[in-house]
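Step one of this worksheet: look at the structure below.
The values are calculated or read from the model by the stated rules, or taken from the named source; none is laboratory data. Keep in mind it's a predicted model, so treat the numbers as computed, not measured. All Cβ positions, even for glycine, are placed from backbone atoms using ideal geometry, and neighbour counts span all protein chains on display. When the accessible area is computed, the model is the full protein with side chains, heavy atoms only, and any ligands, DNA or RNA have been set aside. Shrake-Rupley method; radii C 1.70, N 1.55, O 1.52, S 1.80 Å.
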Amino acid sequence: LDWDVSDILFLRGKYQYGERRSDHYDGHYFEESFPDGEAPGAYNEGVRKFPWSDRDRNSASLFFEVMPTPILSIYGEWGYHDSSYKDPNTGHAIGGSYMIEEDRNGDTIPEEYDIRIAGREQDKGTTYTLGLSFDVVDTLTLFTDYTWSKDQYSMASRYRTFSGGVATDDPLDNWGSDGEDEYQTFMLGWNWQARPGVLVFRGDVTWTESTD
């Protein structure tokens, strides 16, 4: 949505929804040896690696621009996104579980096991930007802005141990972790029309640091 509120104020709003679908997750594929012949790791059938999990994402942004004079522009933007992840095979959310029957101890009698779907459960992020643009002369424009961003995510897992040589899957061994990153970014740029309409030089310098 674009809206010219007045001669000096412009607003823009945007919402997006996206789905990523993997159709099928082949856990045994990740057991394959690496090219140099390293032994494959132990197979955990509940793990769902992030790039191949199903994802539902919502994102939104709001932008404004104020031009108090013809040569000065002040602008800002807010952005937000959140994603949730699901298992392509069962349709359950990452962090949930499903039941299987397997004969792990070799007695020919299948036992029930609770399999936790491990991996990234969700992530979300927010950004705020404030900047200005100034026409120094007709052929030279300087612009600068500051952005603060925060990203959060959570992971689900389970510690799997062995009893009598048999891998256990006990919900009491479930565990998870939460992460949070914050950044601030400063940017300074320019637009110089050396020959208007023929030759233009553009450039910017960006500096980013993690604050958390």
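Working from Cα pairs under 8 Å separated by at least six residues, relative contact order for the chain is 15 percent.
Ligands, DNA and RNA left out, the 1.4 Å accessible surface of the range 130-212 is 57% carbon and sulfur atoms.
Classify the chain as rounded, prolate or oblate from the Cα gyration tensor: take a ≥ b ≥ c as the square roots of its eigenvalues, call it rounded if a/c is under 1.5, otherwise prolate when a/b beats b/c and oblate if not. Note, shape of the chain comes out prolate.
Per-residue extension of 0.36 nm, minus the Cα-Cα distance of THR185 and TRP78, leaves a gain of 37.1 nm for this segment.
Excluding ligands, DNA and RNA, the accessible surface per residue across the range 109-212 is 63 Å² with a 1.4 Å probe.
Dipole of the range 45-186, Cα-centred, from +1 at each Lys and Arg C-beta and -1 at each Asp and Glu C-beta, to the nearest 20 debye?
Computed charge dipole of the range 45-186: roughly 260 debye.
For LYS124, the solvent-accessible surface with a 1.4 Å probe is about 80 Å², rounded to the nearest 10. May I ask for the net charge around ARG48, where only other residues with Cβ less than 14 Å from the Cβ of ARG48 are counted and Lys, Arg are +1 while Asp, Glu are -1? It works out to a net charge of +2.
For the range 7-22, the Karplus equation 6.51 cos²θ - 1.76 cosθ + 1.60, evaluated at θ = phi - 60°, returns couplings of 5, 10, 10, 10, 10, 9, x, 8, 10, 9, 10, x, 10, 10, 10, 9 Hz by residue, with Gly and Pro reported as x.
Want the number for TRP207 to SER61: 0.36 nm per residue separation, take away the alpha-carbon distance, what's left?
50.3 nm
Taking a Cβ cut-off of under 10 Å around LEU11, the surrounding Lys, Arg, Asp and Glu residues balance to a net charge of -2, with basic ones at +1 and acidic ones at -1.
Tell me the net charge near SER177. Cut-off is 15 Å between Cβ atoms, SER177 excluded, with +1 for each Lys or Arg and -1 for each Asp or Glu. Once all neighbours under 15 Å are counted, the net charge is -4.
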